[in-house]
Every structure is written in C-alpha cells, then in structure tokens.
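Undergrad: Before I ask anything, here is the structure I am working with.
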Amino acid sequence: MTSSSRNPILITASRLLAPFIQLFALYVIFHGHFGPGGGFQGGAMLAASILMLRLSVGAERSELKFRKSWGTPVGALGAMIFAGTGLLTLLLGGRFLEYHFLPLPDLSRAELHSAGILLIEVGVSLAVMAVLVTIYDDIMEGPGGN
Amino acid sequence: MRKISLVALALFGALLLYASSGLPGHGDPDGASHRQQSPAGSPVAAAHYIRHAQGDAASPNIVTVVLADYRGFDTLGETIVVLTAGLVCYLILRRSP
Amino acid sequence: MVLGLETPLGLLLLASALIALRLRNLLAAAVTLSVFSFISALIYLVMGAVDVAFTEAVVGAGITGVLFIVVLFHTSRRSID
C-alpha cells in the first residue's frame, strides 16, 4: 500500500474506467423505475468507483473526486433528503411519504408518486455512497492504519 | 464431536432438500403468493401490488414501487441503519485531529 | 428449474464456499468469497429476482471484497488456525 508499489497500468486503467462506472451508476439510479436497479444499487456502484480510485491512485489524489471529510455530511444529507420528502408531504396535509401531496405542478397523481420515488432514491444513493466510502476511509485511517 | 456435527449437518441438509421439494415452481400462477386469497381466507398483498403498482406510481418496475412507495417507511429505516453504521465506524475508528 | 441452471450453480456455490473455508492464504479466501457472492447473484438471476441479484453483485462481489482486502492489509496475510 505504499506509493512506490503503484503500477502505471493500474492507475491509467482505473482512471479511464471510473467515469464509465459512475455514468452507469447514474443510469441505474435514474432508470430504476423502468428496469432493475434503484438507489441502493446505484449508490453502491458510485462507492465502488470511488473505492477503486482510492485503491489504485492513492488516497491523496482520489480525494479530488470525493474528500474524506465529505463522507459523514453527504450521508446525513442523503438521509435528510429522504426524511425531508416525507416531512414535506406531512406538512402539506398528507401522511408520511404520501407522495401525491408534493408541491409539483401539472402532474397527475401517479406521476407525482413517480417523482417522489425518484427523490427518495437520490437520497438513498447519496447516503449509501457516502457511508460506504467513509467506512473504507475510517478503516484505512483507524488503529493500525498508515 | 466432529462426527456428530457432520451428521447433524447432513441431517439438516436432507431436511432442507426435503422441504424444498414442496416449494411452488417459478412463476407458478397457483403458488401461495400469487393467489387472491391465502389458505386462511385473507387477501394476499402480492396480488394487490401486481394489479395496482403501474397505475399508482406510473412505474413498470413493481419492485421499485413496493420498496419506495408502499414500503417507503421501511426503506427510510434501512437508510438510517446504513447511516448509523457509517457513524459508528466514524466514532470508533477515526483519529481525532 | 428455469434452464436447469440452478443445480450446477448450486454445486459451484458449495465448492467456492468450501474452498474459501480451506484456504490458508486469506487474500485468496477473500477473493473466493467474492466469487461466492457472484455465483449467488447468478442464482438469484436464474430465479428471476433481478433486483436482488443486482444488489448482491454490487455489494457482495464489490464492496465487501474491497473491505476484506483493506482489513487484510492491516493484519496478517496468513491464517494461523
């Protein structure tokens, strides 16, 4: 795990591959209504791309993509997007996570439910991505780490 | 002791294999989870989801609709569990600066 | 029995689990566990649970393998028992 053991082939391949993994992860998140996938899978794929960069190019360079200090705030932000959607519908007169009370104009009831599902899947994906990356960072930094 | 555990393992595996012979086949329309009514006479949830998911949330993927809409509160709990795992790792492992 | 694939996949699953148990090199055991996860994802796929298969492939074969390997870098590479 020292910087002298880094292989240029590994670095180049992972840097080339990471954007495509992230693009596919975004496709999985936003296409979750119509095919297999959803927030959890897409978030885990985003985390996998960042962990691949962390393992290959090293923690210092890969912090340009996702800083170590962002992990906990972004995870909390994802959970708050989810809970905030529920609280918004609660404040607007519905029950918790009753999406057809969302304040989006010109949408039918079913489309409002679809939009609500998309909102909470973005929240779930942010939370899962940040938490998986922060677990890796904490293990690397913790007792016995370098 | 090792022999006893091996025998117990083999018996348990045989029990599981015997039980799996009673499962319904893939996509069996007469399977217990696809009926309108359970053997006890109460309505089955899966039939309601299959019938109403597309119309309720305009999404063809029934799994997503069940996870995020009908069972949205469960998914919130799942997200909180994941977040708690991350926070516990943060609290235990990260060195204070 | 869609395509009759479940039995050979189940045997492969059993074989990978036994190999992961018997290996003394823990890095190889972690990689074999990733193989185990991937075969179980294939079994879910054959059974028609595409979403579960997706989650298993991403989390089991990807993230868990990475975390095992990171922990192995911090501890010993060989099993002592």
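The values are calculated or read from the model by the stated rules, or taken from the named source; none is laboratory data. A quick note: this is a predicted structure, and the numbers were derived from the prediction, not measured. For neighbour counting, all protein chains shown are included, and Cβ atoms are generated from backbone atoms with ideal geometry for every residue, glycine included. Note: accessible area is taken over every heavy atom of the protein model, side chains too, but ligands, DNA and RNA are not part of it. Shrake-Rupley method; radii C 1.70, N 1.55, O 1.52, S 1.80 Å.
Undergrad: If I filter the range C:19-30 down to residues being out of contact with any helix residue (DSSP H, G or I) (no Cβ under 7 Å at 6 or more places or on another chain) and surrounded by 12 or more Cβ atoms within 10 Å (Cβ to Cβ), which single residue comes out as nearest to residue C:66 (Cα to Cα)?
TA: Residues of the range C:19-30 out of contact with any helix residue (DSSP H, G or I) (no Cβ under 7 Å at 6 or more places or on another chain): C:21-22, C:24-25, C:28.
Okay, now just the ones that are also surrounded by 12 or more Cβ atoms within 10 Å (Cβ to Cβ), so C:25, C:28.
Working: C:25: 16, C:28: 13 Å.
Here the answer is C:28.
Undergrad: I would also like to ask the following. For chain C, which fully contained helices (runs of 4 or more DSSP H) count at least 1 residues that are within 12 Å of another protein chain (Cβ to nearest Cβ) and under 21 Å from residue A:40 (Cα atoms)? Quick ask: steps written out before the conclusion?
TA: Working: elements: C:6-22, C:26-46, C:50-55, C:64-74.
Per the criteria, C:26-46, C:50-55, C:64-74.
Undergrad: Among the residues of the range C:55-66, is any surrounded by fewer than 18 Cβ atoms within 10 Å (Cβ to Cβ) and of a type in the set (D, E, K, R)?
TA: No.
Undergrad: For residue B:71, only one of the following conditions fails: (1) over 20 Å from the mean Cα position of the chain (by Cα); (2) on the phi < 0 side of the Ramachandran plot. What is its number?
TA: Exception for residue B:71: condition (1).
Undergrad: What's the number of the only condition in (1) among the hydrophobic types (A, V, I, L, M, F, W, C); (2) open to solvent by less than 60 Å² (accessible area, probe 1.4 Å); (3) touching a residue at least 24 places away in the same chain (Cβ under 8 Å) that residue A:102 fails to meet?
TA: Exception for residue A:102: condition (3).
Undergrad: Assigned to a helix (DSSP H, G or I), surrounded by fewer than 18 Cβ atoms within 10 Å (Cβ to Cβ), without any contact (Cβ under 8 Å) to a residue 60 or more places away in the chain and more than 7 Å from chain A (Cβ to nearest Cβ): does that describe residue B:66?
TA: Here the answer is no, as residue B:66 does not meet what is asked.
Undergrad: What residue, among those in the range A:105-122 that are open to solvent by less than 80 Å² (accessible area, probe 1.4 Å) and over 20 Å from the mean Cα position of the chain (by Cα), is modelled with the lowest pLDDT? Break it down into steps so the answer makes sense when it comes.
TA: The initial filter retains those residues of the range A:105-122 that are open to solvent by less than 80 Å² (accessible area, probe 1.4 Å), namely A:107-108, A:110, A:112-122.
Next, only the ones that are over 20 Å from the mean Cα position of the chain (by Cα) stay: A:107-108, A:110, A:112-113.
Values: A:107: 85, A:108: 88, A:110: 88, A:112: 90, A:113: 89.
Looking at residues that are open to solvent by less than 80 Å² (accessible area, probe 1.4 Å) and over 20 Å from the mean Cα position of the chain (by Cα), I get A:107.
Residue by residue, here is whether (1) surrounded by fewer than 19 Cβ atoms within 10 Å (Cβ to Cβ); (2) modelled with pLDDT under 85; (3) within 14 Å of chain B (Cβ to nearest Cβ) holds:
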site: A:22; (1), (2), (3): yes, no, no
site: A:31; (1), (2), (3): yes, no, yes
site: A:36; (1), (2), (3): no, no, yes
site: A:62; (1), (2), (3): no, yes, no
site: A:70; (1), (2), (3): yes, no, yes
site: A:76; (1), (2), (3): yes, no, yes
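Undergrad: Assess whether residue B:76 counts as being aliphatic (A, V, I, L, M) and either open to solvent by 100 Å² or more (accessible area, probe 1.4 Å) or part of a loop (DSSP other than H, G, I, E, B) (or both).
TA: Details: aliphatic (A, V, I, L, M): yes; either open to solvent by 100 Å² or more (accessible area, probe 1.4 Å) or part of a loop (DSSP other than H, G, I, E, B) (or both): no.
Judged against the criteria, residue B:76 is not a match.
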